[in-house]
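Here the structure is laid out as structure tokens; the discussion comes afterwards.
Any read-out appearing in this document is the output of simple, stated calculations on the displayed coordinates, not a laboratory observation. Here the structure is a predicted model, which is why all the values come from computation and not from measurement. Note: ideal-geometry Cβ built from the backbone for every residue, glycine included; neighbour counts use all protein chains shown.
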Amino acid sequence: MPNLKKPSKSSTKTLRAKCLKAIQLLSRISAADDLGIAQCVSCGKRQSYKEMDGGHFIPKGSSSFWALKIDNVHPQCKYCNAFGMRNGSAAQSYTLWMQDYYGRDYVEEMLRTKNNVCKIYKSDYEEMLKEFNSLINHHKERMGEL
């Protein structure tokens, strides 16, 4: 008997996870030079964007409003993102980098609005994912990876 199941469409939760993965890649690849080298915003370590994390300034689990905004996600080495943000000085260094890059007023606005609730619908995630992937492909092409 043939399989009569319809192909499953991505759930909202799955689309959110794909968007988080894509924005983290986009943050790393867009900050990389033409050779694919990016710099950790916390410690300054330079390495391939493929070996880095896309670290959230405002943690993605604590802010639906900022989780998928590119202004909130920047390249971090794995040490700074995993260990340094909780137990080291990476969070302070990240804050200083953000203030230098965006300005103190903008960073304070981010912190003031981090608890704002942002309802994102399935169609929104689909559009975001499409946009993120388009930008990722642009940068891959820039580096000669496509």
- Query: So how do Ile136, Ile120 line up by other beta-carbon neighbours within 10 Å, fewest first?
  - Reply: Ile120, Ile136
- Of the DSSP H helices in the chain, the ones reaching 18 Å or more along their long axis in Cα terms and averaging at least 0.0 in Kyte-Doolittle hydropathy are 12-31
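Loop only per DSSP, at most 13 neighbouring Cβ atoms within 10 Å: give me the GluC sites (Glu not before Pro) in the stretch 45-146, ordered by residue number. Provide the component values of the computation, followed by the final result.
Working: sites: Glu51, Glu108, Glu109, Glu126, Glu127, Glu131, Glu141, Glu145; in loops: Glu145.
Loop-located and lightly packed - Glu145.
Please report Arg46, Arg112, Arg16 as a ranked list, fewest other C-beta atoms within 10 angstrom at the top and most at the bottom. If you can, show how the numbers build up before the last one.
Values: Arg46 13, Arg112 9, Arg16 21.
Sorted ascending by nearby Cβ count, the order is Arg112, Arg46, Arg16.
So, counting K/R as plus one and D/E as minus one, what does the shell of residues with Cβ under 12 Å around Asn81 add up to?
Working: positive: Arg28, Lys45, Lys60, Lys78, Arg86; negative: Glu51, Asp53.
Neighbour charge sum, excluding Asn81 itself: +3.
What translational diffusion coefficient, to the nearest whole µm²/s, does the stretch 31-133 have by Stokes-Einstein, given a Kirkwood radius computed over alpha-carbon pairs, a temperature of 25 °C and 0.890 mPa s viscosity?
Working: Rh = 14.5 Å.
After rounding, the answer is 169 µm²/s.
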- Leaving out same-chain residues fewer than 8 places away, which aspartates and glutamates sit with a Cα under 16 Å from that of Lys50? Asp33, Asp34, Glu141, Glu145
- Item | Most mobile listed residue (Ala38, Ala82, Ala67) in the chain, GNM with C-alpha springs under 10 Å | Ala82
- Once amide hydrogens are built 1.01 Å from N within the peptide plane, the residues lying 5 or more places from Met52 or on another chain with amide H under 5 Å from its amide H are none
